[in-house]
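First comes the structure, then the notes that go with it.
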Amino acid sequence: MDLFTLTLMLAAGVMHASWHGLVKSGADQVINLAGMGLVATVCAAVVLPFVPAPPVAVWPVLVASVILHNGYKVCLAWAYKRGDLVQAFPLARGAVPLFATAIGFVALGQVPSFRQLGGIALVSVGILLMSLESSRRAFNAPLFTATAGAGLAVASYSVLDAFGTRLYGDWLGFTAWLIVFDNLTYLGLSRAIRGPALWPNLLRLRVRILASGGLGVASFVVFLWALSRHAVGSVSAVRETSVLFAMLIGALVYHEPLSPWRAVSGILVVAGIVMIAVWK
């Protein structure tokens, strides 16, 4: 991965962690996610007149990706109701390289190198340490179920979206259509869950929603752009450096506890991610 792409991905990691922090700190994560999705939809809709309609072969990919993206949001909202940002975010995102590596091996025949396997081992140890810290207090089964589901969804849609951008032949067109369909679907799901109260709450939270929506769409556009040009595993791994940024935001901005145990766990996860990204 070249230096320019790496720099953009790190910036996207900061934005990614920042919007997660805004969503987590809100009172209702379902409404926050629906609102930021609405912002992203408006931004993407501006692009639609300037890109070709998806070819017939791309539609199944879009539909499957929308299902995975919505599954991720449901799991994320569930996880943030049951754990703080410092713990839930690293668990959800730290698992992504593990799942992505397994999916890449099974679906694409991509065999990780010895050093990449070392990175995967570090990520696994970091996640295990976080699990053990929680277990010392009280094992939070719903939290770990939600974060595992979120990680699996992200790994799956990362591989699928990389395939979709190549099949479409235009990364911006695929990204715009995906954002629109994904977020309109989740908006409908949120309306079904929250009922008519969704609309006044979106208006009440408009400042937070505009901020998180802008950060979310910017980080996702960079992610899809990188996926269209580089290997899925490397791009996904670099994106997950947002784990460290999220831990810092949770501790410094929202005053969530950052124990030495959690700090070491997070550093191991990030070190493993870097090994996966840097070494081939």
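The values are calculated or read from the model by the stated rules, or taken from the named source; none is laboratory data. Just so we're clear, the structure is a prediction, and the values are computed from it rather than from any experiment. Note: ideal-geometry Cβ built from the backbone for every residue, glycine included; neighbour counts use all protein chains shown. To get the accessible areas, we keep the full protein, side chains included, count just its heavy atoms, and leave off ligands, DNA and RNA. Shrake-Rupley method; radii C 1.70, N 1.55, O 1.52, S 1.80 Å.
Quick look at the numbers
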quantity: Per-region count, segment 20-63, residues outside any helix (DSSP H, G or I) and open to solvent by less than 40 Å² (accessible area, probe 1.4 Å); calculated: 4
quantity: Residue check, residue 241 farther than 19 Å from residue 19 by Cα and hydroxyl-bearing (Ser, Thr, Tyr); calculated: no
quantity: One residue from 10, 76 being in contact (Cβ under 8 Å) with a residue 12 or more places away in the chain, closer than 23 Å to residue 96 by Cα and either of a type in the set (D, E, K, R) or open to solvent by 10 Å² or more (accessible area, probe 1.4 Å) (or both); calculated: 10
quantity: Answer from 164, 188, 195 - the residue that is in a helix (DSSP H, G or I), crowded, with 21+ Cβ neighbours inside 10 Å and at pLDDT 90 or above; calculated: 164
quantity: Qualifying residues in segment 249-280 (those that are at pLDDT 75 or above, open to solvent by 80 Å² or more (accessible area, probe 1.4 Å) and under 21 Å from the mean Cα position of the chain (by Cα)) - the one farthest from residue 117 (Cα to Cα); calculated: 253
quantity: Any chance residue 212 is assigned to a helix (DSSP H, G or I) and in contact with a Lys or Arg (Cβ under 9 Å, 6 or more places away or on another chain); calculated: no
quantity: Check on residue 232, open to solvent by 20 Å² or more (accessible area, probe 1.4 Å), touching a residue at least 24 places away in the same chain (Cβ under 8 Å) and under 17 Å from the mean Cα position of the chain (by Cα); calculated: no
quantity: Residue tally, condition under 14 Å from residue 33 (Cβ atoms) and touching a helix residue (DSSP H, G or I) at 6+ places or on another chain (Cβ under 6 Å), over segment 65-87; calculated: 11
quantity: Given (1) farther than 17 Å from residue 186 by Cα; (2) open to solvent by less than 10 Å² (accessible area, probe 1.4 Å), index of the condition residue 81 fails; calculated: (2)
quantity: Meets criteria (open to solvent by 20 Å² or more (accessible area, probe 1.4 Å), at pLDDT below 90 and not in a helix (DSSP H, G or I)) for residue 139; calculated: yes
